[in-house]
1. With a point put 7 Å past each Cα toward its Cβ, work out how far D134 is from I219 in nm, to one decimal.
2. Students often forget the sequence filter, so: which aspartates and glutamates lie under 18 Å Cα-Cα from K200 once same-chain residues fewer than 8 apart are removed?
3. Give me the distance between the Cα centres of region 41-103 and region 304-333, rounded to whole Å.
4. Calculate, for W101 and T395, the FRET efficiency according to 1/(1 + (r/R0)^6) with r their C-beta to C-beta distance and R0 25 Å; round to the nearest 0.05.
5. Near L287, within a Cβ-to-Cβ distance under 12 Å, what is the net charge of the other residues, with Lys and Arg +1 and Asp and Glu -1?
6. Calculate the FRET efficiency for Q194 and E385 from the Cβ-Cβ distance with a Förster distance of 45 Å, rounded to the nearest 0.05.
7. Under unit Cβ charges (Lys, Arg +1; Asp, Glu -1), what dipole magnitude, rounded to 20 debye, does the chain have relative to its Cα centre?
8. Which residue, S111, S388, S308, has the most motion in a Gaussian network model of the chain that connects Cα atoms within less than 10 Å?
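The values are calculated or read from the model by the stated rules, or taken from the named source; none is laboratory data. Quick caveat: nothing in here was measured; it's all calculated off a predicted structure. Neighbour counts run over all protein chains shown; Cβ positions are idealised from the backbone, glycine included. Side chains are part of the model used for accessible areas, which takes the heavy atoms of the whole protein and leaves out ligands, DNA and RNA. Shrake-Rupley method; radii C 1.70, N 1.55, O 1.52, S 1.80 Å.
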Amino acid sequence: MINNQNEPREFDAVLGGESPPPVQGAVLGGIEGVKQRLASFLVKARIDAVNDALKYGDAGLDLVIAALNDESSLVQRSAYLLLREKIESQVEQAIKAYKSWRLTERSEWYSDHRVSKFANKKVEDFDPAIGIIDPNGIAYAVRCEYEEDVEVFREKLNILTQHPSASKIEALVIGMWDEDGDYNSGVVVNALVQAKDKLKNLKAIFIGDIEFSEWMISIIDQSDISPLLNAYPQLEIIQIRGGSNLQFSQLQHKNLKAIIIETGGLARQTIAQICALELPALQHLELWLGSRRYGGNSSIDDLMPIISGESFPTLSYLGLRNSEYSDDIARALVNMPTIKFLNILDLAMVTLSDEGAEALLNCSHVNKLDILNVIDNFLSAAMIERLSQLDCQLTYGSQRREENYDNHRRYCSIAE
């Protein structure tokens, strides 16, 4: 007997009331019913429709593939989870395209020099004499140079925001804002909040592109970043260097896709604030946890809302970098559902040992990653060889040896 895709089934929704439906009730059954629910303005209705779609054969499969492009990241993720285990060629092509959003520069090795790329764009210092020549292709950097003070920084930023093409700028990099170090990043946040009507197309901000020769990472004085996020609802990427006094007030941001926090020591209070943020579109989370000597007082318990998927269920990239307890992180991750949904697991510049790597090897879901990054850890050559047999791309670079370092045999890479 041939099933009619439009014939109502036991799981189909009924429009018009309780069962039995009233005379005026309309049955939202079959593939047409799924299509109608996928057109709903309610995200939950679209998610439910995606989950029902595969019950309708190839036609339903096409609808799930199309849902990978839904405006809601939650609907996209629901479709992705349904499709990930399927082997049809059109599904594999769609999954590959879906996973293409990636900050390619994050795979490069950390340098204490000024960045050359940000938000997949070339970085160039803003020169008031030249102005803005490519607002879409260049991430313009505003910074103080040697012997320049905060007033010089403010003037440079003001000239940029007054330029006729300022409204087209997509990415902005902020370097040192006060050579004397008398002001925290609140100066930057306040200035950018005031300029929000001038920078209407801004999608990516990096605050703290500061060289080691200017300020050590552990003493870069940050502030509450939330006013900036509130002022730019279209923002997709926020990158911060320096964890001192860094705060995130409670907020919801619908479009933020990436948070990158580079520190020599990230406080557990700041991690808790990050975990409390409502970020339904977040795909890339990168935290440099740092050393206890420089304020990195977190533990595995502080990371559990992230590792469990409770805080950010739509992550495709998870970077828990520059940590002193990476073996604990590895053991916790492999026992959580989050690992099943990641495309990239980044454990670079941490203290991962063969023991922690063994936990990764024993997790079947690690094989489904696109990339596993273990650069600059404490892995033996034999363990690197074993990890190289995984189906995913392994990035390992150089590895360090355990040493007696003030009673710490293993230590994270970046601290001061």
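1. So the label points at D134 and I219 sit 3.7 nm apart.
2. The qualifying aspartates and glutamates are D134, E170, E236.
3. Comparing the Cα centres of region 41-103 and region 304-333, I get a distance of 25 Å.
4. On the way: r = 19 Å, r/R0 = 0.75.
According to the calculation, E is roughly 0.85.
5. Numbers: positive: R268, R321; negative: E262, E286, D302, D346.
Net of charged neighbours comes to -2.
6. Details: r = 55 Å, r/R0 = 1.23.
Once rounded, the FRET efficiency stands at 0.25.
7. Details: 40 positive and 60 negative charges, 245 e Å.
Computed charge dipole of the chain: roughly 1180 debye.
8. It is S111.
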